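Reading through the structure tokens given below for one structure.
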Amino acid sequence: MKTKDLVLVALFAAIIIVLGVMPPIALPLVPVPLTLQTLGVMLAGLMLGPWRGLLAVALYLLLAAAGLPVLTGGRGGLGAFMGPSSGFLLGMLVGSWVVGYLAERAAYQQKALLHAVSGYALSAFIGGVLVVYLFGVPGMALTLGMSLQQALMAALMFLPGDIIKVLIAAWLTFRVRRIYPL
């Protein structure tokens, strides 16, 4: 791996950490807060591609597992991977790869604003929302003793915020890639 790749992976891991410092928004009836970290996951996948995006998220999760307070609310350590957010954390890892893979296929070659932003948005939604939910909802159901249906209904409260994050990630990626292709 080239030095540039290592720097970009570390940079995007740091971006995810910084977005986690933003105060989480507590949602009623759901013990998992709404955070901006998934925006960082979407950006890592969109801007770095599948493998470097995955490595950025993996680095972030390794730092959290090592006990550094990089998760929302200053949490860290292996205990964070046993709580209601555990599935979402794993989903972020897989989701970053899916975002990057889909973005490479859908939007990297598009020069027109609407085509590129819509390709980025679709990639971010599928990988950064649907895949993360695919892991997060069962994880939340398992750790909280809820049915899958109850956990899914609870997770749908995140959807409006996640759609806003998808749009922000798509727009930022289009703007950055026009100036500095990563």
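The values are calculated or read from the model by the stated rules, or taken from the named source; none is laboratory data. Just so it is clear, the model here is predicted, and its values are computed rather than measured. Cβ atoms come from the backbone with ideal geometry, glycine included; neighbour counts cover every protein chain shown. Accessible surface is based on the protein model in full, side chains and every heavy atom, while ligands, DNA and RNA are left aside. Shrake-Rupley method; radii C 1.70, N 1.55, O 1.52, S 1.80 Å.
Quick look at the numbers
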read-out	value
Carbon + sulfur, % of accessible area of the stretch 3-64 - ligands and nucleic acids excluded, 1.4 Å	84 percent
R0 of 22 Å, Cβ-Cβ distance ILE164-LEU62: FRET efficiency to nearest 0.05	0.20
Surface accessible to a 1.4 Å probe, per residue, for the residues of the chain, Å²	49 Å²
Magnitude of the charge dipole, the stretch 50-182, Cβ model with Lys/Arg +1 and Asp/Glu -1, debye to 20	420 debye
Structure-based [θ]222 nm, the chain - -39500 (n - 2.57) summed over DSSP H runs of at least 4, per residue, nearest 500	-22000 deg cm²/dmol
